[in-house]
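Here is the structure we will look at.
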Ligand SMILES: C[S@@+](CC[C@H](N)C(=O)[O-])C[C@H]1O[C@@H](n2cnc3c(N)ncnc32)[C@H](O)[C@@H]1O
């Protein structure tokens, strides 16, 4: 009879080592009820590495010292990357109807400088490409704007950089925009679409850990999308992360948060502009 190596559970001490590492490196708190999620997500990886079970894997993660390749992989496996095109669409409607007119009038664009947008937890790219389409509609595809998209997870970043999606994922993109900004795969059976080079060239991707205290941005930005990421952190970490994000924003710039997120009680240099939309002092 072949024994199933995964009949064993992730032991408490090993879970605690993973928990401590994940929290200190990227700020995500893994509560006890996340244990089975962690087990499930690691199982495939452990099998692929030909290991005997969780304990061996956990030793391997920490044997390589700080920032080992396996630690990066572990972060990739643990992060939750759910996203959609035009997610929380009222943000994009507000951008077109109110915020872009304000920023372009103020001179962000009229006066030579391109409008800069940062999608700081960009996942597989749906958010930054949605922003790119919205900006292209407002300013024209050759307009002066660019988008900086970052995430801690290297695997979602490479998906985002490829800019290839299934037709099913792209179903939330309005038809007129699909026609303008997406190409179909040559083989229709693939049912894949890809963003055109003009859109792709507007978005630059990089790995960035929002928990890190010393990251740099190429330039300060006019709009930040920080949506559906802070929910994973405790209040103190949220406050630190958001203050750091704000330090990279131009005064009068706009910050978008996810609909289920709140900055209530946090000390930040912003004022409320509309629900979940803030303006930098
Ligand atoms: C649920 S997705 C949100 C994607 C998108 N912003 C949206 O609202 O659709 C959360 C993303 O945050 C990223 N993330 C988690 N911790 C992070 C950290 N410390 N620094 C940067 N990104 C992080 C995850 O890898 C994941 O891709």
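Coordinate-derived values only; no laboratory data. These numbers come from a predicted model, not from an experiment. Note: ideal-geometry Cβ built from the backbone for every residue, glycine included; neighbour counts use all protein chains shown.
Values computed for the structure shown
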read-out	value
Mean Cβ neighbour count within 10 Å, used as a protection proxy, ranking 184-190, 215-221, 84-90 highest first	84-90, 215-221, 184-190
With Cα atoms, 0 to 90° folded angle of helix 35-48 axis to the chain main axis	80
Choice from 83, 150, 124 showing the highest fluctuation, given a GNM over the chain with Cα pairs closer than 10 Å	83
Degrees separating the helix 235-246 axis from the principal Cα axis of the chain, which is the longest one	40
Mean separation of Cα contacts under 8 Å (6+ apart) over length of segment 5-78, as relative contact order %	35
GNM result for the chain, Cα springs below 10 Å: residue of 183, 37, 133 fluctuating most strongly	37
Centre separation in Å (Cα based) which lies between segment 119-187 and segment 262-281	27
Cut-off 15 Å, label 7 Å out along Cα→Cβ of residue 36, residues of segment 70-103 by amide N	none
Value of Rg/Rh across the chain [Cα atoms, Kirkwood radius]	1.01
Calculated [θ] (222 nm, deg cm²/dmol) that DSSP helices of n ≥ 4 give over the chain, each run adding -39,500 (n - 2.57)	-11000 deg cm²/dmol
Relative contact order of the chain, pairs being alpha-carbon contacts under 8 Å that are 6 or more residues apart, as %	16
Computed lengthening from residue 164 to residue 268, 0.36 nm per intervening residue step minus Cα-Cα distance	33.7 nm
Highest-fluctuation residue, 258, 27, 143 considered, GNM on the chain with Cα pairs under 10 Å	143
Volume per residue of the C-alpha convex hull in segment 5-78, rounded to whole Å³	80
Per-residue Cβ neighbour rank within 10 angstrom, fewest leading, 77, 134	77, 134
Principal-axis tilt of helix 54-63 within the chain, Cα atoms, nearest 10 degrees	60
